[in-house]
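Working notes for the structure below.
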Amino acid sequence: MSLILDSSATLAWSFPDERTEAIVELFLLIANSGAIVPELWRLEVANVLNVGIRRSRISKVDRQGILFDLQSLPIEIDGETGMYAWTKTLDLADAHHLTVYDASYLELALRLALPLATLDDDLRKAAGREGLQLLGK
């Protein structure tokens, strides 16, 4: 089973103090079955890791290791995210009071009819209202 992976679940795996058993299981599933992410995922992950360095949560060496590990996983970047940004994604953001960034994960999960792995409470609620299977908690 493939799934849609958001940055909150990714970062919970990336920071050891946030890693839970459910997140470890999620990443074992990803290692075996893959995941799909919207185009903005890499930027979101890189930004939070950069902030983690500034706040002394991780070092640059840690960041390099995390990015190496993520790069080695079968995570596919969806090349069509931008085509829906000004239509379906905006509609979902409006309907569920989400950021457009979070709505892009919801749009992708709906478009591909795949479970969504997220720890974001608002995104989980929206996905539940849309009838999506949720992973990550």
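Among the residues of the stretch 33-51, are any under 18 Å from LEU132 (Cβ atoms) and more than 15 Å from the chain's Cα centre (by Cα)? There is at least one residue in the stretch 33-51 that is under 18 Å from LEU132 (Cβ atoms) and more than 15 Å from the chain's Cα centre (by Cα).
When you scan the stretch 31-50, do you find a residue that is touching a helix residue (DSSP H, G or I) at 6+ places or on another chain (Cβ under 7 Å), within 18 Å of ALA113 (Cα to Cα) and either outside any loop (DSSP other than H, G, I, E, B) or of a type in the set (S, T, N, Q) (or both), even just one? Checking the stretch 31-50: at least one residue is touching a helix residue (DSSP H, G or I) at 6+ places or on another chain (Cβ under 7 Å), within 18 Å of ALA113 (Cα to Cα) and either outside any loop (DSSP other than H, G, I, E, B) or of a type in the set (S, T, N, Q) (or both). Residues that are part of a helix (DSSP H, G or I), modelled with pLDDT of 95 or more, exposed (fewer than 15 other Cβ atoms within 10 Å of the Cβ) and among the basic types (Lys, Arg) are absent from the stretch 80-93 altogether.
Each residue in the stretch 31-59 was checked for being under 23 Å from ARG111 (Cα atoms) and either surrounded by fewer than 22 Cβ atoms within 10 Å (Cβ to Cβ) or of a type in the set (Asp, Glu) (or both), and 11 pass. Screening LEU112, LEU108 for residues that are surrounded by 17 or more Cβ atoms within 10 Å (Cβ to Cβ) and touching a strand residue (DSSP E or B) at 6+ places or on another chain (Cβ under 9 Å) leaves exactly one candidate, LEU108.
Residue-level check: of (1) within 17 Å of TYR105 (Cα to Cα); (2) among the aromatic types (Phe, Trp, Tyr); (3) without any contact (Cβ under 8 Å) to a residue 12 or more places away in the chain, PHE68 misses just (1). Against the test of being of a type in the set (Phe, Trp, Tyr) and under 15 Å from the mean Cα position of the chain (by Cα), the options TYR105, TYR84 yield a single qualifying residue, TYR105.
The set of residues from the stretch 75-134 being closer than 22 Å to VAL45 by Cβ and aromatic (Phe, Trp, Tyr) comprises TYR84, TYR101, TYR105.
Here is the figure for the stretch 12-23: residues that are assigned to a helix (DSSP H, G or I) and either among the small types (Gly, Ala, Ser) or surrounded by fewer than 19 Cβ atoms within 10 Å (Cβ to Cβ) (or both) total 7.
Looking across the stretch 100-125, just one residue is assigned to a helix (DSSP H, G or I), small (Gly, Ala, Ser) and within 19 Å of PHE27 (Cβ to Cβ), and that is ALA109.
Of all the listed residues (ALA109, ALA127), the sole one being touching a residue at least 60 places away in the same chain (Cβ under 8 Å), within 15 Å of ALA9 (Cα to Cα) and of a type in the set (Gly, Ala, Ser) is ALA109.
The values are calculated or read from the model by the stated rules, or taken from the named source; none is laboratory data. Values in this document were obtained by computation on a predicted structure and should not be read as measured data. Cβ atoms come from the backbone with ideal geometry, glycine included; neighbour counts cover every protein chain shown.
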